[in-house]
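Before any comments, here is the structure.
Rule-based calculations on the coordinates, nothing more; no lab input. Small disclaimer: the values here were computed from a predicted structure and weren't measured. Cβ sites come from the backbone with ideal geometry, for glycine too, and all protein chains shown count toward neighbours.
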Amino acid sequence: MRILTFIRQVLDAEESVRVSDGSVALENSKLVMDTMDEYGVEEALRLREGGIDAEIVALSVGPSRAQDALRTALAMGVDRAIHVETDVKLDAIALSKIVAQVAQQEEASLILSGGQQADWDSHALGAATAERLNWPQVTWTSALELKGNTLSGKHDVDEGSETFTLELPAVVTTQQGLNEPRYPTLPNIMKAKKKELRKEGLEQFNVTPNLKFAGAEIQVKNRLNKILDGKDVQAAASQLVDLLRNEARVIA
Amino acid sequence: MILLVVEHAHGKVSKSSYEMITAARELGGEGAVTALVLGSAVASVATEVALAVDQVLVADLPELAQYDSEMWAAAVAQIATEGEAKVVLIGGSRSGREYSPRVAIKLNSPLLEDVISLKTNGEALVAEHYTYLARVTETVEATGPVVVVSVKPGVFAVAAPRTVAAEQFDVDLNLPARRLQVTGKTAESSSRISLSEAEIVVSGGRGVGSAEGFTQHVEGLADRLGAAVGATRAIVDAGWRPYSEQVGQTGKTVQPKVYIAVGISGAVQHLSGMNKSKVIVAINRDAEAPIFKIADYGIVGDVNQLVPAIIEELRK
């Protein structure tokens, strides 16, 4: 079988966010593979190490720099990579059109991708891709097994969690807790440089953005930052309760 | 028409549905506000929501007893097509955000996700939503004969009911078979007020020290204040608290009047679930913890000593 792992390159969550000219500025910032997607790469590798005969292909759509994230996936153990190179900002619905087409071309039967994008906070890619392919999907997966053609595992829902079974082909979205992604070792980083990283143009996918991005701003809510020293426990507790009751007026 | 899919639980309309009704009413000229009720034994839901909208469509079917993304998407897309909906509003719950992309693909429409504002400029629907783990507010525009929108819970005002009930109509649906088979459920219920509905939230992190520390300090303070209880990912992963209490990127998003963070250092993933709270209070040992940067009030010190003193102070 073939597993497609979709990955995105995003701002490292620890980096501070800057906005200039109505969009988030990424120059001179640390960019990494979206950690949510990393769980998908790791899970594909684990399924194979658990005895599934699979080729694992990583896909990314984005500017030239996105190939760094694909190299990381290759160094983790993915077999080959496809980079659809474009500077166009595509929303999840548009992006799903590319992922679905690549999945068909590659005859993939399992697609793994992150449950929420760390930059656009979108949840939509997994289900949108599944709908285009007429596949089922399972989201927010925290445990996964594959026996024959049957996936089973556990995923989070609105209240609590569920165990499930699902027949391939399917889309699975991943999240923290599913696994601990491995770090690429130096020998594997060297090996990854020899692996195939195929570049594709956007034209062939017949995709245009569905949304117009009209601006971004950082709305900093001014916080009072009245921070008390707690060395004198009684005094600090009394002062805090007084502030919440009589200044903020948020408790009775 | 504006179609909104009613979120409900235990035979009652959820608060998020009344928030969507506000969003729909504010759009005004896009047509009658039509509520779609999907589920099994949902007569009470339909009757309740009829007091707040122009029309109610009901699919009360045994096979809809349990949510399924493909069935929900098929139902909503069918009704939206038959009713020539211009806007489809879906709750920004985990399930809503799961099936709404499928609806958008079926309708060949754009998707506005998890919006915090929604208006029309005559040509396009203009919405704001959070990006970068809720640190940035982005404005997006969508055009088309129909636009699918998921609405972030806890942002829009709760719509007031009217005096006249709208008419209810039963609808026939062509539903697909369920492909995701649910084999077990871990339902997590709590006798406390729910996180998304609470005006006060007391949350605990690793700094509480132990499950016992959490019970004593976080639950103790919450009980005193009549507050909901929240927890960080680390606490939930450690098995000290159920997942339903998790606040953050992979848990719930809350916007209470006051959020009290006890022993929480403030990882960006946690902050994204609570940084829109009106007032933030932090109690933590480490003065350098990121939580203090977004706190209105705080105390640097030992949670084990400070929280009991605060509870004692509240008794006065």
Which value, in Å³ per residue, describes the convex hull spanned by the Cα atoms of region B:103-179? 190 Å³
In terms of modelled amide H atoms, which long-range or inter-chain residues lie less than 5 Å from the amide H of A:Ala216? A:Gly22, A:Ser23, B:Thr139
Based on Cβ point charges of +1 for Lys and Arg and -1 for Asp and Glu, what charge dipole magnitude is obtained for the protein assembly as shown about its Cα centre, in debye rounded to the nearest 20? 860 debye
Under a GNM of chain B (C-alpha, springs under 10 Å), which listed residue has the highest mean-square fluctuation: B:Ala41, B:Ala73, B:Ala50? B:Ala41
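When only Cα pairs under 8 Å and 6 or more residues apart are kept, what is the percent relative contact order across region B:2-170?
Over region B:2-170, the number comes to 28 percent.
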For region B:124-191, state which trypsin sites (Lys or Arg not before Pro) are in a DSSP loop and have at most 16 other beta carbons lying within 10 Å of their beta carbon. B:Arg162, B:Arg178
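In the protein assembly as shown, what % of DSSP beta bridges are antiparallel (nearest 5)?
Details: 43 of 119 bridges.
Of all bridge pairs located within the protein assembly as shown, approximately 35 percent are antiparallel.
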Which residues' amide hydrogens lie under 5 Å from the amide hydrogen of A:Leu224, considering only partners 5 or more residues apart or on another chain, with H built in the peptide plane? B:Asp296
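Per the Kirkwood definition applied to all pairs of different Cα atoms, how many angstroms is the hydrodynamic radius of region B:200-315? If you can, show how the numbers build up before the last one.
Numbers: mean 1/r = 0.0742 Å⁻¹.
Kirkwood hydrodynamic radius for region B:200-315: 13.5 Å.
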Considering just Cα atoms, how many Å³ per residue does the convex hull of the protein assembly as shown enclose? 156 Å³
With only helices counted (DSSP H, runs n ≥ 4, each -39500 (n - 2.57)), the per-residue ellipticity at 222 nm for chain B, to the nearest 500, works out to -7000 deg cm²/dmol
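Tell me, what is the percent relative contact order of region B:200-315, built from C-alpha pairs under 8 Å that lie six or more residues apart?
Working: 239 pairs, mean separation 29.6, N = 116.
Relative contact order for region B:200-315 comes out at 26 percent.
Take the Cα radius of gyration of region B:2-170 and divide it by 2.2 N^0.38 Å, with N its residue count; two decimals is plenty.
On the way: Rg = 14.7 Å, N = 169, 2.2 N^0.38 = 15.5 Å.
That works out to 0.95 for region B:2-170.
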For region A:170-181, Karplus couplings with θ = phi - 60° (6.51, -1.76, 1.60), whole Hz, Gly/Pro x: 7, 9, 10, 9, 10, 7, 4, x, 5, 6, 10, x
Charge dipole (debye, nearest 20) of region B:23-141; +1 at Cβ of Lys and Arg, -1 at Cβ of Asp and Glu: 180 debye
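Could you please rank B:Tyr67, A:Tyr183, placing first whichever residue has the fewest other Cβ atoms within 10 Å of its Cβ? Each step should come with its number before you reach the end.
Numbers: B:Tyr67 18, A:Tyr183 10.
Listed from fewest to most nearby Cβ atoms, that is A:Tyr183, B:Tyr67.
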When the distances between all Cα atoms of region A:131-185 are binned every 5 Å from zero, what whole-number percent does each bin get? 5, 18, 27, 22, 16, 8, 4, 1
Output ³J(HN,Hα) for region A:65-78: one whole-Hz value per residue in order, computed from phi by the Karplus curve 6.51 cos²θ - 1.76 cosθ + 1.60 with θ = phi - 60°, and x for Gly and Pro. 4, 4, 5, 4, 5, 5, 4, 4, 4, 5, 5, 6, x, 4
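To one decimal place, what orientation-averaged projected area in nm² is obtained for the convex hull of the Cα set of chain B?
Values: hull surface 69.3 nm².
Its Cα hull, projected and averaged over all orientations, spans 17.3 nm².
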So which of B:Lys86/B:Lys106; A:Lys154/B:Lys86; A:Lys97/A:Lys199; A:Lys30/A:Lys154 end up more than 26 Å apart by C-alpha? A:Lys154/B:Lys86; A:Lys30/A:Lys154
Can you give the net charge of the other residues whose Cβ lies under 15 Å from the Cβ of A:Ile218, counting K and R as +1 and D and E as -1? -1
Long-range amide H partners of B:Val115 with built H, under 5 Å: B:Ser150, B:Val151, B:Lys152
Here is the link list: A:Lys221/B:Lys276; B:Lys152/B:Lys257; B:Lys119/B:Lys278. Which ones come out longer than 20 Å on Cα distance? B:Lys119/B:Lys278
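Within the P(r) computed for region A:1-107, what percentage of the Cα pairs occupies the region above 20 Å? Spell out each step's value before the answer.
Numbers: 2383 of 5671 pairs.
Counting pairs separated by more than 20 Å, the tail of P(r) holds 42 percent.
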Shielding by partners, peptide B:245-252 (average Cβ within 10 angstrom, other chains): 3
What list of ³J(HN,Hα) values in whole Hz, one per residue of region B:85-98 in order, does the Karplus curve 6.51 cos²θ - 1.76 cosθ + 1.60 (θ = phi - 60°) give from phi, with Gly and Pro shown as x? 5, 8, 9, 10, 9, 10, x, x, 6, 4, 5, x, 6, 7
Can you give the Rg/Rh ratio of chain A, where Rg is from the C-alpha atoms and Rh is the Kirkwood radius? 1.08
Dipole axis of chain A (+1 Lys, Arg; -1 Asp, Glu on Cβ), positive-most option in A:Ala118, A:Ser161, A:Ala73: A:Ala73
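When DSSP beta bridges are limited to those with both residues in region A:2-205, what percentage is antiparallel, rounded to the nearest 5? Kindly include the intermediate steps, with their values, before the conclusion.
Details: 19 of 46 bridges.
Of all bridge pairs located within region A:2-205, approximately 40 percent are antiparallel.
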Mean-square fluctuation maximum in Gaussian network of chain A, Cα pairs under 10 Å, restricted to A:Val84, A:Val32, A:Val220, hits A:Val220
Please list log₁₀ I(q)/I(0) at q = 0.13, 0.16, 0.28 Å⁻¹ for region A:145-220, using the Debye equation with identical point scatterers on the alpha-carbon positions. -0.97, -1.11, -1.28
